[in-house]
Amino acid sequence: MRKPFVVTAFVFVVFLSVRLSAQAPQTADLNAVRAQMDALRADYEKAIQSLQKQLDEIQARQNAPPAAPAENVAPASTSVQGGSVSSSKVFNPDISVTGDFLGAAGSNQVNPSPAMEMHETEVAFQAVVDPYARADFFISFGHEGVDLEEGYVTFPTIPGGLLLKVGKMRAAFGKVNTLHNHVLPWTDRPLVTGNLLGGEDGINDAGFSVSRLIPNRLLFLEATGQVFRGDSGDNLYKSSQRSDLTYLGHLRGYKDITENTNLDLGFSFSQGHNAAGIVGGIDVGRFTTWLYGGDATIRWKPLQRSVYHSFVGRSEFIWSQRDQFGGMQNAKGFFASADYQAARRCYLGVRYDHTGRSFDASLLDKGESATLSYFPC
């Protein structure tokens, strides 16, 4: 009777050892998983604490007032973009180079041009100096040498909502006068610009400009007042005394007509001394030039097809009153243009010019032109 009992006991011991060996790994696995969870939880808490510390430091730097620079030590310039401060552009402004190459064919007895010319090469240096100033400098290289086309500093945080510019700049008279050659929609400037605004350079002088938005519920409205040294264009304005300054005012209005169309209107005024009273370098008389202008731009750009189709219509009117020997000369002129984007890289345009001359209002100049533009990239 002992053998069955021994066999039964042996089977029970074997069964019990199998159950214990099967349960032991499961318990070990659970403990390992719990240990991994605890380790991950600790790592996450450390990461969150580190991120919170970095966030607190950034907020403290943003809320802290700017520190005054030490005496006789120039503060380092810092780039500010999108509200964040970055030191990657310290002493390293944005630099661009633009070339203006022109070719001509046929005959032009009034204003002949060479067959081919590198009309102008422009180098631009632009950077945010600090949170309160931005610098823009444009140097042009041409047949007549090197010239500072524009160089000014903009202060956007002047009290009273004012925008201040100081330096040499293109005056805010109309639209075309503010444009550099490489951004013009044509290969030349309208005749009215050459006859009544002093040529290609137009009103471009050293001075300062103050602009301010006029709040209202109807349209975007901006008023600009500028004062210049008094020397601009090809004898447009000429200063023979320190007090011979040029004054300019511009009022601009912008309105969205539809979601695809907008209208831009402007009215300009300028006054300064001309060179009619300067003979042989001697000031023999005090003569003044008054300029009045109006400009209109209409744009159409459908939101769904803006890459392939668009339209821009431009027009500008200028009235010149020039005081000189022999009496007042009243000359008027205007241009009107239309540019249509027929495809993604193809543009068609026309322009009509009609203008008198500031020196002799009895002379009239007219011109018609058509353009076909293709952008390879």
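Read-outs: derived from the displayed coordinates by stated rules, not from any lab. This is a predicted model, so every value here is computed, not measured. Positions of Cβ are generated from backbone atoms using ideal geometry, with glycine treated the same way; all protein chains shown enter the neighbour counts.
Kindly provide the set of residues from the stretch 321-360 that are among the basic types (Lys, Arg) and in a strand (DSSP E or B), ordered by number.
Across the stretch 321-360, the qualifying residues are Arg322, Lys332, Arg351.
Determine which member of the set Asp201, Asp188 is in contact (Cβ under 8 Å) with a residue 12 or more places away in the chain, closer than 26 Å to Gly356 by Cα and of a type in the set (Asp, Glu).
None of the other options fit; the residue is Asp201.
Go through the stretch 174-215 and give me each residue that's under 17 Å from the mean Cα position of the chain (by Cα), part of a loop (DSSP other than H, G, I, E, B) and of a type in the set (A, V, I, L, M).
Within the stretch 174-215, Leu179, Leu184 meet the criteria.
Would you confirm, using the coordinates I've provided, whether Asp136 is crowded, with 20+ Cβ neighbours inside 10 Å, acidic (Asp, Glu) and either assigned to a strand (DSSP E or B) or touching a Phe, Trp or Tyr at 6+ places or on another chain (Cβ under 8 Å) (or both)?
So Asp136 fails the test.
Quick one: in the stretch 216-248, which of the residues that are under 23 Å from the mean Cα position of the chain (by Cα) and of a type in the set (Gly, Ala, Ser) is nearest to Asp360 (Cα to Cα)?
Per the criteria, the residue is Gly225.
Can you tell me which residues in the stretch 249-288 are surrounded by fewer than 16 Cβ atoms within 10 Å (Cβ to Cβ), more than 32 Å from the chain's Cα centre (by Cα) and touching a residue at least 12 places away in the same chain (Cβ under 8 Å)?
Selection gives Asp283, Gly285, Arg286.
Where residues in the stretch 170-224 are under 25 Å from Gln321 (Cα atoms) and aromatic (Phe, Trp, Tyr), which of them is surrounded by the fewest Cβ atoms within 10 Å (Cβ to Cβ)?
Of everything passing the filter in the stretch 170-224, Phe208 is surrounded by the fewest Cβ atoms within 10 Å (Cβ to Cβ).
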